Every structure is written in structure tokens, then in C-alpha cells.
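Engineer: Here it is: the structure, laid out below.
The values are calculated or read from the model by the stated rules, or taken from the named source; none is laboratory data. Everything quoted here is computed from the prediction, not taken from an experiment. All Cβ positions, even for glycine, are placed from backbone atoms using ideal geometry, and neighbour counts span all protein chains on display.
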Amino acid sequence: MVNPITIARALFAFGRLAWDPGTGTDRVLGLIADIDDSGGKQKLLESLSEDPDVREAIARKPELGHIDVDALEELPVGTLGHAFAGYLRSHGFDVGDITPDPNDEGSDADYAVNHLRATHDIWHTVTGFGTDVAGELGLQAFYLAQIQGPVPLILLAGGLLNGLRQGPDEVARRMDLIAAGWRLGRAARPLFGVDWAARWDRPLTEIRSELALAA
């Protein structure tokens, strides 16, 4: 049974997200932690394990390892590594933020949560969704199509409610990207558990074709 305090924090996080997706992000991360504490990790693992390929990936536990952005930037233009380095540079992101949870006990459930957190920006790179609100919603729809869980639904609902403040044109744009993310996620191969570190030097177009992301 979910703790009533968890429910209260979830509702508060959702309200802040609906008002301003930018300032709500930290609270949503807190919400994710609450979901983890209330058994969400295990439910996520069970959902992921329904796919035999993902189940095999969880058993292998591929890791990103150390990410040397300078070295990735030196890879040929058009490779996954070069594109990912450019993505990180252009957004001012620090790979130091991609660190394991210090409370990680090494379980399959912990690995699942940490892997999703660590590879989020790679999913942005290979799917092509931007990091503005509409792009994030598109990627969350992609997540929802591939992985059952409450967090994408909360982010999508909050982003759409916030869209009411932005006007009909922005609502339409967000809906377009949400629809695109859902369709792409349903058509694509599972991105969870892909050994990205073994693909840094491969052409991004080739990887997208391999994962049915070419559309």
C-alpha cells in the first residue's frame, strides 16, 4: 500500500509541474524516489522483464562506463558518439550528473532505474526529440509506449495542463509530438538495455535503422 505522504507529495509535484514544467522537474525527481520507495522499482522490473530481449539485457547489465566527451567528439561526424557529444555540449550538460544512485544495492530493480536515468539523454539523441517542453513530452510518450509506469503519465498530464497557459498553438505542437512519440515507441525495438557504449563509433543512421527509429 502506498504511503499517504507519498500520495500527497505526488499531487504537489504534479501541481507544480502543471503550472511550470521547468520548476517542477526537481519535485518530479522526488516523486520518482517516492515511487521507488513504495515498490515502484520492482513493478518497473516486472514490466520490463515481460520482453525476453529486455530480460536478457537486465541479466547482462550493460553499462555506459566512463564517458569521455572529448574522445566522443573526435569520432567521425555522423556517428552516435559524435552526435551524443554534440548534444551534451550544445545543452551544457555534465556527464558527471550521470552517476549511480549511492543507495544502489546492485539488484536488478536498482539497475533498471539507474540505467533509465543514465541513458535518458542518449534516448533524446537517437529519437531526435528536443529538450524543450514539447520535445520532452514527445520522449515521455515514447517511454510510455515502451515501458509501463506512472512517471511518463504524470509528466504528460502535467505538460498538457501547462499547455493551457501557453495557448492553442503550443497545445497543438505538444500533441503532435506526443502522438509522434507514441507511434515511434510502439514501432521501435526496445531501447532499454541497448549496449550504447559498444555503438559509439557506429553511424547514427545505421543505429536508428537497427532499432526501427528511422521514421
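Engineer: Hand me the list of helices (runs of 4 or more DSSP H) wholly inside region 102-215 holding 1 or more residues that are modelled with pLDDT of 90 or more and of a type in the set (Asp, Glu). Show your work before the answer.
Structural biologist: Working: elements: 108-127, 133-146, 150-166, 168-187, 204-210.
So the answer is 108-127, 133-146, 168-187, 204-210.
Engineer: Here are Leu155, Leu164: which of them is loosely packed, with under 15 Cβ neighbours inside 10 Å and either in contact with a helix residue (DSSP H, G or I) (Cβ under 7 Å, 6 or more places away or on another chain) or of a type outside the set (S, T, N, Q) (or both)? Lay out the reasoning, then the answer.
Structural biologist: Values: Leu155 fails: loosely packed, with under 15 Cβ neighbours inside 10 Å.
Result: Leu164 is the single residue among Leu155, Leu164 that is loosely packed, with under 15 Cβ neighbours inside 10 Å and either in contact with a helix residue (DSSP H, G or I) (Cβ under 7 Å, 6 or more places away or on another chain) or of a type outside the set (S, T, N, Q) (or both).
Engineer: Sticking with this structure for a sec: Can you tell me which residue within region 60-101, out of those that are assigned to a helix (DSSP H, G or I) and at pLDDT below 85, is surrounded by the most Cβ atoms within 10 Å (Cβ to Cβ)? Lay out the reasoning, then the answer.
Structural biologist: Of the residues in region 60-101, the ones assigned to a helix (DSSP H, G or I) are 60, 69-73, 80-91, 95-97.
Filter again for at pLDDT below 85, leaving 95-97.
On the way: Val95: 17, Gly96: 7, Asp97: 9.
Ranking the qualifying residues of region 60-101, first place goes to Val95.
Engineer: Suppose the filter is crowded, with 21+ Cβ neighbours inside 10 Å and polar (S, T, N, Q); does Gln140 pass it? Step through it out loud before you land on a result.
Structural biologist: Numbers: crowded, with 21+ Cβ neighbours inside 10 Å: yes; polar (S, T, N, Q): yes.
Judged against the criteria, Gln140 is a match.
Engineer: Is it the case that region 116-126 has a residue that's within 25 Å of Gly65 (Cα to Cα), over 18 Å from the mean Cα position of the chain (by Cα) and surrounded by fewer than 18 Cβ atoms within 10 Å (Cβ to Cβ)?
Structural biologist: If we filter region 116-126 for residues that are within 25 Å of Gly65 (Cα to Cα), which is where we start, we get 116-126.
Imposing the further condition that a residue be over 18 Å from the mean Cα position of the chain (by Cα) reduces the set to none.
No, region 116-126 has no match at all.
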